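These notes concern the structure reproduced below.
The values are calculated or read from the model by the stated rules, or taken from the named source; none is laboratory data. All values derive from a computational prediction rather than experimental measurement. Here the Cβ positions follow ideal geometry from the backbone for every residue, glycine too, while neighbour counts run over all protein chains shown. Ligands, DNA and RNA are stripped out before the accessible areas are found, and what is left, the full protein with its side chains, is counted by its heavy atoms. Shrake-Rupley method; radii C 1.70, N 1.55, O 1.52, S 1.80 Å.
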Amino acid sequence: MTILENVADSCIIFLVGCIVGSVFYFIKGTLRSSSNGCRLARGVEAVITNSPLVRRDAAFFVLLAAMEANLHTLHVQGPFNKALAWGAANALFSVHRAIGGRPPPSDRGSRPRPTAGPWGSSSSTSMPSSRTC
């Protein structure tokens, strides 16, 4: 395979991952119970809420495909190609997390929470919501 074929395959994998992930979260959002019958709105809200997860997972599978293509280009043949590709992709994602990505789970609770919202202090009344769902 040439480099252009690998890039085209990676683009297709990313698009398919984004589409499948979005459809999964849309269906998951529509299956939740809704008292007012706003299932479509819940599905769209679930897709928007989980878009960073979909993007991260799609990027992981692109990186995995790139690692597998790299092993194939280097003529490494063996039963552990998939395991090596998964390990390398996980290692690169761990490095990304340590450099400036998402903080580890133990650090998430230690951040100070804001006490005031965008419309003033937390003791004041909040603005009424225009959402009916």
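Qualifying trypsin sites (Lys or Arg not before Pro) in the stretch 1-86, where qualification requires a DSSP coil assignment and no more than 13 other C-beta atoms within 10 Å, comprise Arg32.
The apolar share of the surface of the stretch 1-97, taken as the fraction of accessible area on carbon and sulfur atoms (1.4 Å probe, ligands and nucleic acids excluded), comes to 71 percent.
How long is the gain from Cys11 to Arg32 if the chain were fully straight, where each residue apart is worth 0.36 nm and the alpha carbon distance is subtracted? Walk me through the numbers on the way to the answer.
Details: separation 21, 0.36 × 21 = 7.56 nm, distance 3.22 nm.
Taking 0.36 nm per residue and subtracting the Cα distance, the gain is 4.3 nm.
Per residue, the accessible area of the stretch 1-67 comes to 67 Å² when a 1.4 Å probe rolls over the protein heavy atoms.
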